[in-house]
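Reviewing the structure listed below.
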Amino acid sequence: MKKSDFSIDGIDKIILNHLMIDARTPILSIAREIGISGAAIHQRLRKLEASGLIAGSKFIINPKVLGYKTKAFVGIFLDSSTKYKEAIKRLNEIDEVIESHYTTGDYSIFVKIICKDNEHLMQVLNHQIQLIKGVARTETFISLDQQIDRQIKI
């Protein structure tokens with residue numbers, strides 16, 4: 001099936017909206033609400049997974065409960081674009097780095113990191129990220145509050 005041939009209907013949207021809110025919603029309760037069988041929902045979910053629309057499911061850990069109270073975004077300037085793959089490999093070894101993006105604009109790489117506090121952030125920056133071969137400099141933005149955290153609407 002080509003991606004351009006793929007479409008979702010109203011029933012798919014209802015199923016997905018329930019599961020996006022809480023992936024542990026019982027399939028049978030959704031089935032009762034919609035008026036179709038649980039097997040039909042499982043079949044639709046398999047179709048949606050096969051299409052690539054559903055990329056997986058996961059439990060979301062609240063990092064604050066584990067003591068990670070500082071969230072920051074770091075723009076990384078590389079001295080050469082040839083250093084990108086090696087820099088990503090090293091960034092992947094830093095547990096505090098939870099996202100990375102290869103970007104246009106001023107930065108070569110833009111990462112999201114979580115730390116216990118500002119001192120921990122300084123340690124990660126000075127003793128890990130800035131020591132990666134090819135990193136010329138970094139620019140850090142500390143998040144004071146997150147107001148929006150959502151997925152794309154379907």
Query - Chain lengthening between S37 and T103 when straightened (0.36 nm per residue, less Cα-Cα) - result: 19.3 nm
Query raised in the report: Using only helices, what value at 222 nm comes out for the chain when you add -39,500 (n - 2.57) per DSSP H run of length 4 or more and divide by the total residues, to the nearest 500 deg cm²/dmol?
Result: -10500 deg cm²/dmol
Requested in this report: Note the count of lysine pairs whose C-alpha atoms are less than 16 angstrom apart in the range 73-145, limited to pairs 8 or more residues apart or on different chains.
Outcome: 4
Query raised in the report: F77 to L144: FRET efficiency via 1/(1 + (r/R0)^6), r the Cβ-Cβ distance, R0 25 Å, to the nearest 0.05?
Result: 0.55
Report summary line: To the nearest 20 debye, the chain has a Cα-centred charge dipole, built from +1 on Lys and Arg Cβ and -1 on Asp and Glu Cβ, of 420
Report summary line: In degrees rounded to 10, the 0-90 angle between helix 118-127 Cα long axis and the longest Cα principal axis of the chain is 70
**Report entry** Stretch gain in nm, segment I14-E93, where the contour uses 0.36 nm per residue and the Cα spacing is subtracted
**Finding:** 24.5 nm
Report summary line: In the chain, taking the dipole from +1 charges on Lys and Arg beta carbons and -1 charges on Asp and Glu beta carbons about the Cα centre, the listed residue (I34, T70, S81) farthest towards the positive end is I34
Report summary line: Excluding residues fewer than 8 positions from K47 in its own chain, the lysines with Cα under 21 Å of it are K2, K3, K13, K58, K153
Query raised in the report: How far is it, in nm, from the label point at R137 to the one at I60 when both lie 7 Å from their Cα along the line to the Cβ?
Result: 3.6
**Report entry** Net dipole in debye of the range 7-51 [+1 Lys, Arg Cβ; -1 Asp, Glu Cβ; about Cα centre; nearest 20]
**Finding:** 100
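Rule-based calculations on the coordinates, nothing more; no lab input. This structure is a prediction, so every number in the text was calculated from the model and none was measured. Reconstructed Cβ throughout: ideal geometry from the backbone, glycine too, with neighbour counts over all protein chains shown.
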